[in-house]
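S.K.: The following block contains the structure, expressed as structure tokens.
Every number in this text was worked out from the coordinates using simple rules, so none of it is lab data. Just so you know, these numbers come straight off a predicted model, no measurement behind them. Cβ placement follows ideal geometry from the backbone for every residue including glycine, while neighbour counts extend to all protein chains displayed.
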Amino acid sequence: MRYHADEPELDAYYADIDRVHLQPLWEMSGLLTPTPVVQSVPHRWSARELQTLAARAGELVPVDRGGDRRVLAMANPGLDGAPFISGTLWAAVQFLGAGEVAPAHRHTPGALRFVLDGDGVYTVLNGDPVPMSRGDLVLTPSWVYHEHHNPSAQPMMWLDVLDLPMVAALDAVFFEEGPSEEADESVLPRSAAERRYGQGPGLVPTGVSSVLHEERHSPLSVYRWADTDAALDALLELGDGAQAEVRYRDPSRDRDVMPTLRCEMRRVVSGATTSTDRQTGTRVCAVLNGAGTVRLGDQRFSLVAGDVFVVPSWCEHQLEADTTIDIFTTSDAPVLDALGLFRRTAVPA
Ligand code: 1HN
């Protein structure tokens, strides 16, 4: 029996309630804690290990094994073997060899891809081909068909982040295979989504289709590195400090790119140390350029390009840039924000 009081009458009572699946709050502790008690722990996955181990899977495991995706999930060491980077997010590297195809499917968990290196793969989103290159952010929102093609002569790897644990906790996972179509290898450099919604600052086409406008996510499915890079440069040129950060947003509305995932890119200039912050929700961070150190609570991790680290909810987070460092961050902040649960504070030095 789960509850035991060493008083015969009370213990008989505990046995009775146990039989009918009831439990006494007065015997429980740890339900309401002063600050979040977080099971996931700070961790960094090294670029070299991710790259070499994903490449070995490329030799050993065909892409059609297990869901048509060759994916290595980052399993948070605090989560007892669950294949999740935190209680709310999935993060993984995906490896697609030369000439390989990961066929179309769709699912209710939303996803994004961030390209840490290379190019040559294109993703098809509801029929719209999107070539992916280093530093690009590609959205695969909930229930959008997606497939990946690598017509190039080199393998390619990228970071996948999904809201899967959150959607699973809400018992709302649906999945279906997509229509298998002949691949059209004549991919244009810009997707239809970019030609429609990526026309530059503040420009969206008039008469936007009401169908698209009712989607819960940004209609711009790819954010190119050249634009992100230029935005960060421009902010730093203003001379407001040793770092700049931009948020990826829906060009048609003032909101995050997807209802469950916020995306940001931060540049900290060589030699600078950031202030310490903490926020509710999980942050998954990937180093695109540069080198430095991240402090997460009382742990320090060195960082080089291609590394991925997780900042658990309410964990202190501080960066030191050895060279100018660019860090992509995605988080579940839109969900916390929507529910009034988002908190962020600067932690005094
Ligand atoms: C998925 O659909 C992809 O389409 C990658 O590339 C990783 C992890 C869990 C569930 C679905 C993809 C995934 C995934």
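S.K.: Place the peptides 240-252, 194-206 in order of packing, highest mean first, counting for every residue the other Cβ atoms within 10 Å and averaging per peptide.
M.R.: Working: 240-252: 16.6, 194-206: 12.5.
The packing order, highest mean first, is 240-252, 194-206.
S.K.: Of Val257, Ala91, Ala73, which is farthest towards the positive pole of the chain's charge dipole, taken about the Cα centre with +1 and -1 on the beta-carbons of Lys, Arg and Asp, Glu respectively?
M.R.: Looking along the dipole axis, the top candidate is Val257.
S.K.: Compute the long axis of helix 47-60 from its Cα atoms, compare it with the longest principal axis of the Cα atoms of the chain, and write down the angle in degrees, 0 to 90, nearest 10.
M.R.: Roughly 80 degrees between the two axes.
S.K.: Now for a separate question. By the gyration tensor of its Cα atoms, with a ≥ b ≥ c the square roots of the eigenvalues, what is the shape of segment 30-77: rounded for a/c under 1.5, prolate for a/b over b/c, or oblate? Numbers along the way, then the final one.
M.R.: Working: a/c = 6.25, a/b = 2.28, b/c = 2.74.
Cα axes put segment 30-77 in the oblate bin.
S.K.: Now a separate question. Please work out the C-alpha center-to-center distance from segment 82-160 to segment 252-266 and express it in whole Å.
M.R.: Result: 18 Å between the Cα centres.
S.K.: Specify the residue with the greatest mean-square fluctuation among Glu320, Glu59, Glu27, computed from a Gaussian network of the chain linking alpha-carbon atoms under 10 Å apart.
M.R.: Result for the chain, Cα springs under 10 Å: Glu27 fluctuates most.
S.K.: Still on this structure, I have one more. log₁₀ I(q)/I(0) of the chain at q = 0.09, 0.10, 0.12, 0.15 Å⁻¹, via Debye over equal Cα point scatterers, no solvent, to two decimals?
M.R.: Relative scattering, expressed as log10 I(q)/I(0), comes to -0.54, -0.65, -0.90, -1.35.
S.K.: Along segment 80-95, what does the Karplus equation 6.51 cos²θ - 1.76 cosθ + 1.60 (θ = phi - 60°) give for ³J(HN,Hα), rounded to whole Hz, x for Gly and Pro?
M.R.: With coefficients 6.51, -1.76 and 1.60, one gets 6, x, 5, x, 10, 7, 7, x, 10, 10, 9, 9, 7, 9, 10, 10 Hz.
S.K.: Moving to a separate point now. State to the nearest 20 debye the size of the charge dipole of segment 35-102 about its Cα centre, where the only charges are +1 on K and R beta carbons and -1 on D and E beta carbons.
M.R.: 140 debye
S.K.: Additional query: So if R0 is 25 Å, what FRET efficiency would Thr33 and Ala5 give, r being the distance between their Cβ atoms, rounded to the nearest 0.05?
M.R.: E(calc), rounded to 0.05, equals 0.55.
S.K.: Pick from Gly99, Gly110, Gly135: which residue has the top mean-square fluctuation in a GNM of the chain where Cα pairs under 10 Å get a spring?
M.R.: Fluctuation is largest for Gly99.
S.K.: Helix 8-19: angle to the longest alpha-carbon principal axis of the chain, degrees 0 to 90, nearest 10?
M.R.: Roughly 30 degrees between the two axes.
S.K.: Right, something else. Does a label point 7 Å from the Cα of Leu53, set along Cα-to-beta-carbon, have any residues of segment 266-308 with amide nitrogen under 15 Å, and which are they?
M.R.: Only 307-308 fall inside the zone, counting backbone N under 15 Å.
S.K.: Starting with the highest mean, order 117-129, 42-54 by the number of other Cβ atoms within 10 Å, averaged over the residues of each peptide.
M.R.: 117-129, 42-54
S.K.: Let me ask something additional. Starting from the amide H of Thr276, placed 1.01 Å from N in the peptide plane, find each other amide H under 5 Å away whose residue is 5 or more places distant or on another chain.
M.R.: Residues meeting the amide H criterion: Val347.
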